[in-house]
1. Taking only C-alpha pairs under 8 Å that are 6+ residues apart, what is the relative contact order of the chain in percent?
2. Rank Tyr7, Gly30, Pro20 by how far each Cα sits towards the positive end of the charge dipole of the chain (+1 on Lys, Arg Cβ; -1 on Asp, Glu Cβ) and give me just the farthest.
3. Just add up the charged neighbours of Ile43: K/R +1, D/E -1, any other residue whose Cβ is under 14 Å from the Cβ of Ile43.
4. Under 25 °C and 0.890 mPa s, how fast does the range 6-52 diffuse according to Stokes-Einstein, given a Kirkwood radius computed over C-alpha pairs? Answer in µm²/s, whole number.
Amino acid sequence: MNDKSVYTVEEFAQIMGVKPLTVRRWIKNGEIQVIRLGRTVRISKDELKRKEK
């Protein structure tokens with residue numbers, strides 16, 4: 001696994017083996033928490049570990 005502390009939606013989707021649209025739906029439904037940077041979002045490594053379970 002990559003040693004980054006935050007991931008873009010596209011990176012997160014690739015790691016999880018899903019499409020970016022699925023990740024955006026998870027964000028909208030509150031299934032994963034994000035860090036908002038203006039209009040951009042980042043997903044923490046902790047969320048990745050939580051979602052993998």
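1. 39 percent
2. Most positive-ward Cα: Gly30.
3. Neighbourhood net charge equals +4.
4. D, rounded to a whole number, is 237 µm²/s.
Coordinate-derived values only; no laboratory data. As the structure is a computational prediction, the values presented were derived from the model and not from experiment. Note that each Cβ is placed from the backbone with ideal geometry, even for glycine, and that neighbours are counted across all protein chains shown.
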